[in-house]
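Accompanying notes for the structure given below.
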Amino acid sequence: MTVDPVDRLLEEATTGASIIKNRAALRFDYMPRVIKHRDDEQEQVAQTLLPVLKGSRPSNLLVYGRPGTGKTLVVRRVLVKVQAKAAGGGFPIRLVYANSKNETTLYGLLVSFGRQLGLNEKRIPSTGLSISEVFRRLVNEIKERSINAVFVIDEIDHLARITSRSHKDILYQMTRANERLGDGSLTLVGISNDLAFKDGLDPRVISSLGEEEIVFASYTTGQIRLILEERVADSLERTDAAEPAALNLCAAMAGSEHGDARRAIDTLRVAAEAAEREGAASITPGHVRAAAAKMEERKEIAALRSYPLHEKLLVIAVMRSPGASTGEVYAAYRDLCRRTGQRSLTQRRATQMLSEVEMSGIVSGRITHQGMHGRTKKFRLLVAAETVSEALGEDLALSELL
């Protein structure tokens, strides 16, 4: 008798032993009871925001650090505690949060802030207004209700790039909003993975945005190991459901990648799910290696598929011309545009997009010296050509180019 594969999986899921008791604890956005190795940073963030509890406007704050160093976790935890402390008092405080990468437009970001301030669709529609009008309505709401608002913008470097492209000075308007507020206040807390993102900002914005700055250092391998132990205790049925060697390997791999605790937790989650599907009693180093390989491959494919068309064409241009200079990549890109019936971007804009792709780790640009001819930048793929073909091959407009 043939057993239906779906029925078999459902039966195993409901009757088989599980090593995972709390899957939420294996997510990067899980809020643990204690944030390890970040006491000093929590104190610094809290001290910056303390004036809001006393009726004063806090300084604007920029929080820097590599991905997976606990920046967002610390800021959100402090905000929750400040909000709880302020609850029931006579001083209206509103702490609102948005990740600028999750909002594809400036308009969407401002609408997100408006909704959290209580402005409904009628007062701020999802479409149809100018950016300046949406921001004016936000400021009026803060002013009329005497709100002391703290706008937390995660990945603020992405917002800075959007404003640069669109030539909208929304960051400048935010940093100058208090000049228009009699009662109430607006404080910005920016979180960024890029220590150099301010270099491209208007000097007027830099002076007021970075009133206070905190840099989060990368975690060490030993610190990541302790973080993983805590997550195991919160998420697995037994503390021995993850072999010590598996945790050591998971921490070591993340430690070698600039101390990314988020990456380590994600790897542990995928490894735990693989072990559970196999019916294994514990997570082994083999599960960790397989999880890391799977995550790396899928991350690159997902990133490539998310690129706009012209960034995809630039990646293909680099793939077809390994070691090519910026000018040579642009020439190859223009040829690809011609073949696909696209209007090519200017070389300056294409070069900017190539730099953005480079930041994501898909391509690498290396400055080389050519003697009396000066310096040039040479580009190459950092992922396998097969990965590019798999990611972009489903696009009929690109498949013939691969």
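The values are calculated or read from the model by the stated rules, or taken from the named source; none is laboratory data. Just so you know, these numbers come straight off a predicted model, no measurement behind them. Neighbour counts run over all protein chains shown; Cβ positions are idealised from the backbone, glycine included. For accessibility, only protein heavy atoms count, side chains too; no ligands or nucleic acids. Shrake-Rupley method; radii C 1.70, N 1.55, O 1.52, S 1.80 Å.
Just a few scattered comments:
- Scanning the stretch 8-28 turns up at least one residue that is of a type in the set (D, E), surrounded by 11 or more Cβ atoms within 10 Å (Cβ to Cβ) and at pLDDT below 90.
- Test: residue in the stretch 385-394 that is farther than 17 Å from P308 by Cα, among the hydrophobic types (A, V, I, L, M, F, W, C) and either assigned to a helix (DSSP H, G or I) or modelled with pLDDT of 90 or more (or both): yes
- Checking each residue in the stretch 307-316 for being within 11 Å of V388 (Cβ to Cβ) and either surrounded by fewer than 19 Cβ atoms within 10 Å (Cβ to Cβ) or among the hydrophobic types (A, V, I, L, M, F, W, C) (or both) picks out V315, I316.
- Sole residue being acidic (D, E), open to solvent by less than 50 Å² (accessible area, probe 1.4 Å) and in contact (Cβ under 8 Å) with a residue 40 or more places away in the chain, chosen from D260, D183: D260
- Against the criterion of being open to solvent by 30 Å² or more (accessible area, probe 1.4 Å), at pLDDT 90 or above and over 27 Å from Q352 (Cβ atoms), R289 qualifies.
- Lone unmet requirement of (1) touching a residue at least 12 places away in the same chain (Cβ under 8 Å); (2) over 22 Å from the mean Cα position of the chain (by Cα); (3) surrounded by fewer than 17 Cβ atoms within 10 Å (Cβ to Cβ) for S364: (2)
- Matching entry among R348, R343 (being at pLDDT 85 or above, surrounded by fewer than 17 Cβ atoms within 10 Å (Cβ to Cβ) and within 21 Å of L398 (Cα to Cα)): R343
- A count restricted to the stretch 330-359 and to residues that are assigned to a loop (DSSP other than H, G, I, E, B) and in contact with a His (Cβ under 7 Å, 6 or more places away or on another chain) stands at 1.
- Count of residues meeting criterion [of a type in the set (D, E, K, R) and farther than 23 Å from E400 by Cα] in the stretch 327-354: 2
- Put simply, of L195, L228 the only residue that is surrounded by fewer than 19 Cβ atoms within 10 Å (Cβ to Cβ) and farther than 23 Å from V96 by Cα is L195.
- Subset of the stretch 232-257 [free of Cβ contacts under 8 Å to residues at least 40 places away in the same chain and charged (D, E, K, R)]: E257
- Counting only residues that are more than 25 Å from the chain's Cα centre (by Cα) and either under 13 Å from I153 (Cβ atoms) or of a type in the set (G, A, S) (or both), the stretch 100-127 holds 1 of them.
- For the stretch 231-275, filtering for residues that are within 29 Å of the chain's Cα centre (by Cα) and assigned to a helix (DSSP H, G or I) leaves 31.
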